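Asker: Pasting in a structure now, in structure tokens, and then I'll have a few things to ask.
The values are calculated or read from the model by the stated rules, or taken from the named source; none is laboratory data. None of the values given here were measured: they were computed from a predicted structure. Methodologically, a virtual Cβ is constructed for each residue, glycine included, from the backbone with ideal geometry; neighbour enumeration extends over all protein chains shown. Accessible surface is based on the protein model in full, side chains and every heavy atom, while ligands, DNA and RNA are left aside. Shrake-Rupley method; radii C 1.70, N 1.55, O 1.52, S 1.80 Å.
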Amino acid sequence: MLSRKLFATLFLLFLAIPVCYAGESSNPDPTPETVTEEQEESDFSWQAMIGLSAVYDPSLLKGVDQQDALDFLNLALLLDVNYKGFFIQSNHRRADGLLDGTSHGAEFGYRIEANDKQELDIIFKNYIGGFEPSELIDKKDKNIPTLEGLDDRLPGHGIAFRYSRFNEDQMYSLDLARLSMEGEESGWLIEGFYSYFIPYRNWDIYYGGVLTYYSSSIVDYFYGVDKDEVTSARAFYQADGGFRAQLEVVVQYPISKSWSFNGAVTQSFYSDSFTDSPLVDRTGTTQIMLGVLYVF
């Protein structure tokens, strides 16, 4: 089990890697999260992309594994739109943004203040995906005792204030979000993100680190077990607040004017509040993505 000190240590060590080994580099092409004031003042701009990728993406949930070929394929629509400060964007520096640009990875928002050094936004996005136990059991075509009869968990979406700071090829951001799940269920999270861009020949390489704290109500909603959900396969479990730490590398390579290759490796670590749940049988996950992106 990972302690909070270990999470902090891993995160700080990862942030030090690019500083120690990166040499001189040119600035990356503008991305949605580095739009300048001059671009914001234009009436309208947009870009649409379609991505097809092969993905190894194991679930934290016990008994939920990728089985069929379709489980390893991902089709995503990425849409970037800007209109007088309002935006829809997918985060091209993160694997989630490339895999699921229209739902979990999409960000809807308004830029309150922006310049070439910092930015303040108010955004709406889906921070954590939900799941329907009965659908997962039918899809896997097998009995999963820990999910049998469990209530659905709706996605956790919410409104956040995001502060971002840019320093040459580095980017830092901090989200403070209030999430709503179901009925009166709500919670809050704090998410810090760091990205370092390194160009190498025609490759764009992004080193990233994410540290997220979820309040107890969020962790308990998704991974807790209520009294009316207790069975012989799952005991009562009430979760406390918890952390998720992620280290990832995202690479992009232009194949032609419209096509590019994308790859990503993401390692996620979870604190005890997640891994002690009877619904979970992993302490972390490794996600691998290889695919192509077509830009219209």
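Asker: Accessible area per residue, 1.4 Å probe, Å², for region 161-296: what's the number?
Answerer: Averaged over the residues of region 161-296, the accessible area is 47 Å².
Asker: Bin all alpha-carbon pair distances of region 161-296 at 5 Å intervals from 0 and give each bin's fraction as a whole percent.
Answerer: For region 161-296, the binned pair fractions read 2, 9, 14, 15, 16, 15, 11, 9, 6, 3, 1, 0 percent.
Asker: How much of the accessible area of region 68-175, probe 1.4 Å, is carbon plus sulfur, in whole percent? Write out the running numbers ahead of the final one.
Answerer: Values: 3030 of 5300 Å².
So the carbon and sulfur contribution to the accessible surface is 57 percent.
Asker: Right, another one. At A48 and V295, where each label point lies 7 Å from the Cα along Cα→Cβ, what is the point-to-point distance in nanometres?
Answerer: Computed distance between label sites A48 and V295 equals 1.7 nm.
Asker: Give me Rg over Rh for region 59-150, both radii from the alpha carbons and Rh done the Kirkwood way, two decimal places. Intermediate results must be reported in sequence, preceding the final value.
Answerer: Working: Rg = 17.8 Å, Rh = 15.8 Å.
That ratio equals 1.13.
Asker: Sticking with this one: Using modelled amide H (1.01 Å from N, peptide plane; none on Pro or chain starts), what sits under 5 Å from the amide H of S271, excluding residues fewer than 5 places away?
Answerer: F243
Asker: While we're on this one: I need the fraction of alpha carbon pairs in region 129-189 separated by more than 17 Å, rounded to a whole percent. Before the final figure, lay out the partial values.
Answerer: Working: 1076 of 1830 pairs.
For region 129-189, the fraction of Cα-Cα distances above 17 Å is 59 percent.
Asker: When the accessible area of region 195-296 is split by element with a 1.4 Å probe, what percent falls to carbon and sulfur? Please list the in-between numbers first.
Answerer: Working: 2480 of 4550 Å².
Carbon and sulfur: 55 percent of the exposed surface of region 195-296.
Asker: Another question about this same structure. If you plug each phi of region 127-132 into the Karplus form 6.51 cos²θ - 1.76 cosθ + 1.60 with θ = phi - 60°, what whole-Hz ³J(HN,Hα) values come out, in order, with x for Gly and Pro?
Answerer: Karplus values, whole Hz, x for Gly and Pro: 8, 8, x, x, 7, 10.
Asker: Each residue of region 262-272 in order: what ³J(HN,Hα) in whole Hz does its phi give by Karplus 6.51 cos²θ - 1.76 cosθ + 1.60, θ = phi - 60°, with x for Gly and Pro?
Answerer: Here the 3J(HN,Hα) series is 10, x, 7, 10, 10, 10, 10, 10, 10, 7, 4 Hz.
Asker: Quick one: which residues, 5 or more positions from L78 or on another chain, have an amide H under 5 Å from its amide H? H modelled 1.01 Å from N in the peptide plane, none for Pro or chain starts.
Answerer: Result for L78 returns M49, I50, G51.
Asker: Further question: Are there any trypsin sites (Lys or Arg not before Pro) in region 216-296 that are in a DSSP loop and have at most 14 other Cβ atoms within 10 Å? List them by number.
Answerer: Numbers: sites: K227, R234, R244, K257, R282; in loops: K257, R282.
When the trypsin sites (Lys or Arg not before Pro) of region 216-296 are filtered for loop state and at most 14 Cβ neighbours within 10 Å, K257 remain.
Asker: Would you please report the Å³ per residue occupied by the convex hull of the alpha carbon atoms in region 103-167? Walk me through the numbers on the way to the answer.
Answerer: Details: hull volume 7.2 nm³, N = 65.
Convex hull volume per residue, Cα atoms: 111 Å³.
Asker: Additional query: Can you list residues from other chains, or at least 5 along the same chain, whose modelled amide H is less than 5 Å from the amide H of N91?
Answerer: G97
Asker: How large is ³J(HN,Hα) for each residue in region 231-248, as worked out from phi by the Karplus curve 6.51 cos²θ - 1.76 cosθ + 1.60 (θ = phi - 60°), to whole Hz, x for Gly and Pro?
Answerer: Values per residue, Gly and Pro as x: 9, 5, 8, 8, 8, 4, 8, 10, 8, 8, x, x, 10, 10, 10, 10, 10, 8 Hz.
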